[in-house]
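Scroll down for the structure; my scribbles are underneath it.
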Amino acid sequence: MGQEQNYSDEQDIELVQQGQVEAFQRIVRRYTPVLYSLCYRMLGDQEAAEDAVQEVFVKAYRSISSFDSSRRFYSWIYTIAVNHLRSLNRKNSRKPDPDIPYEESLNESIRRDDKNRAPDTSAIQREGERLAQRALNTLDQNLKEVFVLRMVEGLSVKDTSRTLEIPENTVKTYLRRAREQLIQAMRGFGWV
């Protein structure tokens, strides 16, 4: 188990391409948290996000033999995830309920709560997160994708541009518009 952390993405990909399934299990463990975060922010629903993450891994596994080693695996799997999420949005063609059920918001926040934080602070943070997700769900899909990849997931402008296959200047423009619209939405919810 200790050696598991010593494998790089490149090594694991090579091993998977040679038929060693346990190497893909390491990739799954390594990337589940970041893909779940992306899917949850884009879909706003815990179950849908979990399902989407599984489907992304299935797609990645099926096409890993064609992975171009000159690319970063992180960007490659994010591209698969974004394309899958776009497909889901087209299939559903209806916007998700912009309000996350309180229990879901509570469960998500409890896992991250600092044990030393005052209960009032935790409640305020949970409410802020719920409203932020609600505001995020009001954004046009293009703006939401850019905002989530850039600001929530921490991708660079360049990586966001590559993942979404749009120019870097478009990423910057969409990000500015997303911020403006999020601030307006949060004000509308009485938060800002």
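Bear in mind these aren't lab numbers, they're just calculated from the coordinates by the rules spelled out. All values reported here derive from a predicted model rather than from experimental measurement. Virtual Cβ from ideal backbone geometry, glycine too; neighbours counted across all protein chains shown.
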### Message
Need the C-alpha centroid separation for the range 1-67 versus the range 164-192, integer Å.
### Response
29 Å
### Task
Report the net charge of residues surrounding residue 164, where surrounding means a beta-carbon distance below 13 angstrom and charges are Lys +1, Arg +1, Asp -1, Glu -1.
+1
### Message
Taking 24 Å as the cut-off for C-alpha to C-alpha distance, list the pairs among 144/172; 59/172; 91/158 that go past it.
### Response
59/172; 91/158
### Task
Go ahead and collect, in residue order, the members of the range 150-184 whose backbone nitrogen is under 18 Å from a label point 7 Å along the Cα-Cβ direction of residue 68.
158-168
### Query
Would you list 70, 37, 87 from fewest to most Cβ contacts within 10 Å?
70, 87, 37
### Message
With equal scatterers on the alpha carbons only and no solvent term, can you work out the Debye log10 of I(q)/I(0) for the range 1-98 at 0.21, 0.24 1/Å?
### Response
-1.04, -1.26
### Task
For the range 38-44, just list the computed ³J(HN,Hα) in residue order, Karplus coefficients 6.51, -1.76 and 1.60, θ = phi - 60°, integers in Hz, with x standing in for Gly and Pro.
4, 5, 5, 5, 7, 9, x
#### Entry: Under the Karplus curve 6.51 cos²θ - 1.76 cosθ + 1.60, θ = phi - 60°, whole-Hz ³J(HN,Hα) for the range 159-167, x wherever Gly or Pro sits
5, 5, 4, 5, 4, 8, 6, 10, x
